[in-house]
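S.K.: Just dropping this structure here.
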Amino acid sequence: MPNNPKSFIFCVHAHQPVGNFGYVFEEAFENCYKPFFEVLQNHPDFPIVFHMSGSLMDWFESERPEFLKMLADFSRKREIELLGGAYYEPIYGLIPKRDLVGQLTKMQKKHQELFGKKPEGAWLTERVWEPDLVEPLSSAGLQYTVLDDEHFERAGVSGPMAGYYSIGQNSHQLDVFASIKALRYLIPFGEVSDALGYIRSFRTAPGEALVFADDLEKFGLWPGTRDVAYGQKWLDRFFTELEKEEMVRLSTFSRYRREFGASYSGHIPHASYNEMMEWSGGHFNNFFERYSESGYMKERMLEVSELVSRHEVSEEASAGDLEKSKAALYKSQCNCSYWHGVFGGLYLHHLRSSVYENLIKADGWLSSKSLGFEKVSFESGERWKFKQEEMVSYFNPGYGAALEE
C-alpha cells in the first residue's frame with residue numbers, strides 16, 4: 001500500500017423503538033439486518049463499526065439469538081467493532097445524568113455478557129450533543145462518540161470534518177468524531193462511482209479520517225433501498241471497490257485512535273445533524289415547547305425518575321421492585337416518542353402508549369399505599385394527583401380541572 005493513504009471508517013447504527021410492533025422488528029430483520037451481514041460475510045477483510053440499541057438487542061436475544069451468536073463470532077474472528085451507548089436510546093441531554101450513566105453502564109454490562117468485552121465508544125442518540133455530556137460518558141467507561149459535520153461547523157471548524165476532537169470536562173476526557181454529511185447522502189443513494197469518487201477526491205492530512213456513520217435501516221428498510229442495496233448489489237459493489245483502493249486505508253474508531261492522536265481540542269456547543277436542527281427549530285428541547293404531549297411525557301418521566309432515585313437512597317422498596325422500576329423507567333426514556341422527523345415518532349399512538357405503560361409500571365412498583373390528593377408541580381403547570389385503591393388520576397387545573405391521565 002502506498003505511503004500515507006487516507007483512512008476511511010464505515011459505521012452503521014441499528015434501532016427499533018421500545019413499543020414498536022413485532023412485525024416491524026421482523027420486517028427490519030429480514031429486509032435489512034440479515035441481508036446486510038450476509039453481504040459482509042463475503043468481505044471478511046472489510047472492517048466495520050456496528051451499534052444496536054438495547055431494545056433491538058433484547059428482540060434479537062428473544063427472537064433471533066443466532067444473530068447475536070454470529071456477531072460474537074464476528075467480533076472474535078474479524079475486525080468488527082461494537083459500539084455501546086445508552087441502552088434504550090434516550091436523548092442523552094433529556095434524561096437525568098444518573099439515568100444516563102445507568103443506561104450507559106447497562107449497555108456496557110450487556111456487551112460484556114454477550115460478546116466478552118466492553119465497548120470503547122458510544123453511539124450518541126440522534127447525535128444530539130450537549131457540552132456537559134463528557135463527564136457522564138467518561139464516568140461510564142466510554143472513550144469516544146460520533147457527532148456530525150454540523151457540530152464542528154458550529155464550533156468554528158470549517159467542514160467537512162476529518163480526524164477527531166478531544167474534549168475535556170472536570171478532569172474527564174472524551175474524543176469525538178464527525179460523520180461527513182456528503183457521504184450520508186451518497187451512501188447508498190448515489191452511484192457507487194460517485195461515493196468512491198468523493199472518497200478519492202477528499203483531501204486529508206496525515207492522521208485524518210473520513211467517517212461514514214448513519215442508520216443501518218437505509219440499507220433495506222427505508223423505502224426503495226432494499227432493491228438498491230441488495231437487488232442491484234450496491235453494498236457488495238461498494239465494499240468490493242473500496243477493498244481495491246490502494247489509497248484508502250479501511251479502519252475502525254478504536255484502531256484509528258490507537259494509531260493517531262486528536263486533530264483538535266476545544267469546545268463543541270449544543271447541536272445535532274443539520275436535518276434535526278431544522279426539524280427542531282435549532283434546539284431539541286423545542287419539541288417539548290411545540291408539542292404539549294411531548295412536554296407532558298417528559299415531565300412525567302422526570303417525576304418517575306425522581307421517585308426511583310428517592311427509593312434508591314431510602315431503601316424502602318425491595319431490591320426486586322427497585323430493579324424492575326428502574327428498567328421500566330429506562331424503557332420510558334426511549335427517544336422516538338418525544339419528537340418526530342420524517343419517519344414515525346411522537347404522532348404514533350403505540351409509541352406514546354409504551355412510554356405511559358412503562359411509567360405506570362415503575363410508579364406502581366414503588367408508590368406508597370397512601371391514598372388521597374397531592375399536588376405535583378410540573379414546568380407546564382400544577383397537577384392534582386388523586387390516588388385510589390386501583391387507580392391514580394391526574395387532573396389539570398389549567399384545563400378546568402379536567403381529567404388528563
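S.K.: Can you tell me which condition residue 4 does not meet? The list is (1) at pLDDT below 95; (2) under 16 Å from the mean Cα position of the chain (by Cα), and all the others hold.
M.R.: The number of the failed condition is (2).
S.K.: From 39, 49, grab the single residue that is in contact with a Cys (Cβ under 7 Å, 6 or more places away or on another chain), modelled with pLDDT of 95 or more and within 26 Å of residue 244 (Cβ to Cβ).
M.R.: 49
S.K.: A further question on this structure: Which residue pairs have Cβ atoms under 7 Å apart, sit 6 or more places apart or on different chains, and have a first residue in region 229-256 that is farther than 21 Å from residue 83 by Cα and a second that is among the acidic types (Asp, Glu)?
M.R.: If the second residue must be among the acidic types (Asp, Glu), the pairs left are 243/45.
S.K.: Let me ask another. Do we find a residue being crowded, with 19+ Cβ neighbours inside 10 Å, over 16 Å from residue 128 (Cβ atoms), of a type outside the set (Phe, Trp, Tyr) and under 21 Å from the mean Cα position of the chain (by Cα) anywhere in region 313-323?
M.R.: No, that holds for no residue.
S.K.: Quick one: in region 182-196, of everything that is part of a helix (DSSP H, G or I) and within 26 Å of residue 165 (Cα to Cα), which residue is most open to solvent (accessible area, probe 1.4 Å)?
M.R.: Restricting to residues being part of a helix (DSSP H, G or I) and within 26 Å of residue 165 (Cα to Cα), the top hit is 185.
S.K.: Restricting attention to region 231-245, report how many residues are more than 16 Å from residue 34 (Cα to Cα) and either in a helix (DSSP H, G or I) or open to solvent by less than 50 Å² (accessible area, probe 1.4 Å) (or both).
M.R.: 9
S.K.: Sticking with this structure for a sec: Can you confirm whether residue 90 is within 27 Å of residue 176 (Cα to Cα) and either without any contact (Cβ under 8 Å) to a residue 40 or more places away in the chain or of a type outside the set (A, V, I, L, M, F, W, C) (or both)?
M.R.: Against the criterion (within 27 Å of residue 176 (Cα to Cα) and either without any contact (Cβ under 8 Å) to a residue 40 or more places away in the chain or of a type outside the set (A, V, I, L, M, F, W, C) (or both)), residue 90 qualifies.
S.K.: Further question: From the list 223, 206, exactly one residue is touching a residue at least 40 places away in the same chain (Cβ under 8 Å) and surrounded by fewer than 18 Cβ atoms within 10 Å (Cβ to Cβ). Which is it?
M.R.: 206
S.K.: Further, regarding this structure: Could you go through region 211-224 and let me know if any residue there is among the aliphatic types (A, V, I, L, M) and part of a loop (DSSP other than H, G, I, E, B).
M.R.: Checked region 211-224: at least one residue is among the aliphatic types (A, V, I, L, M) and part of a loop (DSSP other than H, G, I, E, B).
S.K.: Can you confirm whether region 346-359 contains a residue that is of a type in the set (Gly, Ala, Ser), at pLDDT below 95 and within 22 Å of the chain's Cα centre (by Cα)?
M.R.: no
S.K.: Of these, 228, 211, 248, which one is over 26 Å from residue 122 (Cα atoms), open to solvent by less than 50 Å² (accessible area, probe 1.4 Å) and among the hydrophobic types (A, V, I, L, M, F, W, C)?
M.R.: Every option except 228 fails the conditions.
S.K.: If you check every pair at least six apart or on different chains, which have Cβ atoms under 7 Å apart with a residue in region 350-377 that is open to solvent by 80 Å² or more (accessible area, probe 1.4 Å) first and a residue that is in a helix (DSSP H, G or I) and hydrophobic (A, V, I, L, M, F, W, C) second?
M.R.: Going by the 7 Å Cβ cut-off, the qualifying pairs are 361/328.
S.K.: Among the listed residues 162, 72, which satisfies the condition of being touching a residue at least 40 places away in the same chain (Cβ under 8 Å) and closer than 19 Å to residue 209 by Cα?
M.R.: 162
S.K.: A further question on this structure: Residue 24 passes all but one of (1) of a type in the set (A, V, I, L, M); (2) over 21 Å from residue 228 (Cβ atoms); (3) within 19 Å of the chain's Cα centre (by Cα); which number fails?
M.R.: (2)
S.K.: Residue 200 fails exactly one of the following numbered conditions: (1) outside any helix (DSSP H, G or I); (2) farther than 27 Å from residue 125 by Cβ; (3) not β-branched (Val, Ile, Thr). What is the number of that condition?
M.R.: (1)
S.K.: Spot the failing condition for residue 389; the list is (1) outside any loop (DSSP other than H, G, I, E, B); (2) touching a residue at least 12 places away in the same chain (Cβ under 8 Å); (3) of a type in the set (D, E, K, R), and only one is missed.
M.R.: (1)
The values are calculated or read from the model by the stated rules, or taken from the named source; none is laboratory data. This is a predicted model, so every value here is computed, not measured. FYI the Cβ positions are ideal-geometry reconstructions off the backbone, even for glycines, and counts take in every protein chain you see. These area figures cover heavy atoms from the full protein model, side chains too; ligands, DNA and RNA do not enter into them. Shrake-Rupley method; radii C 1.70, N 1.55, O 1.52, S 1.80 Å.
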